[in-house]
1. Convert 25 °C to kelvin, take the viscosity as 0.890 mPa s, use the Kirkwood radius over C-alpha pairs of segment 55-158 as Rh, and evaluate the Stokes-Einstein diffusion coefficient in µm²/s, rounded to a whole number.
2. What's the long-distance tail for the chain, i.e. % of Cα pairs beyond 23 Å?
3. Among Pro13, Gly77, Ala48, whose Cα sits farthest toward the positive end of the charge dipole of the chain (+1 at Cβ of Lys/Arg, -1 at Cβ of Asp/Glu, about the Cα centre)?
4. At a 1.4 Å probe radius, carbon and sulfur cover how many percent of the accessible area of the chain?
5. Would you mind checking the tilt of helix 179-188 against the longest principal axis of the Cα atoms of the chain, expressed as 0 to 90 degrees and rounded to 10?
6. Any chance you could run the full-extension gain for Leu187 through Asp115? It's 0.36 nm times the residue separation minus the Cα-Cα distance, nm to one decimal.
7. Roughly what angle does helix 50-61 make with the longest principal axis of the chain, taking Cα atoms, 0 to 90 degrees, to the nearest 10?
8. Mark the label point 7 Å from the Cα of Ala48 along Cα→Cβ and return the residues of segment 151-189 whose backbone N is within less than 17 Å of it.
Amino acid sequence: SLNCSILGPDAAPGSEEFDLFVKEVVREMTSKAGQKCTAIRRTIVPNAMMDDVIAALRKRLGTVHVGDPAVEGVKMGPLASRTQVRDVGTATDAIRRAAELVFGGRDALQVVGADAERGAFFPITLLATDKPFTRQEPHDIEAFGPVNTVMPYSSVDESIELAKLGKGSLVGSLFTADPSVARQVVLGV
């Protein structure tokens with residue numbers, strides 16, 4: 001399911017909503033190594049906040065250690081199998097044709113307390129696209145692992161259209177303190 005999380009235009013950096021948004025996106029990417037049907041795959045943010053969101057996600061993702069969950073400090077374990085690693089890698093490569101790598105990726109995998117070659121580990125991978133309406137890969141391809149694509153919107157109506165490109169996602173979340181934005185998004189999607 002190509003679930004999304006939307007940051008409202010009022011939820012500026014430094015606000016409680018912004019901080020909660022970043023925390024939740026990271027949790028969704030790393031909980032169960034991103035292998036749950038309700039995990040966030042698309043992060044939809046105001047154009048003016050793209051750089052701030054990416055910087056905040058990079059900072060928080062940079063504190064997540066991948067490896068043996070029994071080792072103190074490890075926050076993300078392996079995928080279900082080596083086959084799943086291959087499948088997530090194939091899907092990620094396809095999405096990368098439409099988005100740039102902004103954090104992580106295969107070359108960045110460092111595993112704590114386990115063997116990266118023998119285990120089913122996949123690196124946290126944050127992608128970004130500045131053209132979410134011209135490329136369908138982030139809306140059509142699900143990498144069922146710790147992979148997420150950040151994309152901008154210019155208006156609340158655009159955020160709704162981007163959410164709808166997920167074609168019936170299981171879940172979506174909205175972070176805003178503005179009741180009118182909440183109403184518009186909920187009724188729009």
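1. 169 µm²/s
2. That fraction is 38 percent.
3. It is Gly77, whose Cα lies furthest towards the positive end.
4. The C+S portion of the solvent-accessible surface of the chain is 50 percent.
5. 80 degrees
6. Going from the current span to full extension adds 21.1 nm.
7. That works out to roughly 30 degrees.
8. 152-159, 176-178, 181
The values are calculated or read from the model by the stated rules, or taken from the named source; none is laboratory data. Everything quoted here is computed from the prediction, not taken from an experiment. FYI the Cβ positions are ideal-geometry reconstructions off the backbone, even for glycines, and counts take in every protein chain you see. Calculation scope for accessible area: heavy atoms of the full protein, side chains included, ligands and nucleic acids excluded. Shrake-Rupley method; radii C 1.70, N 1.55, O 1.52, S 1.80 Å.
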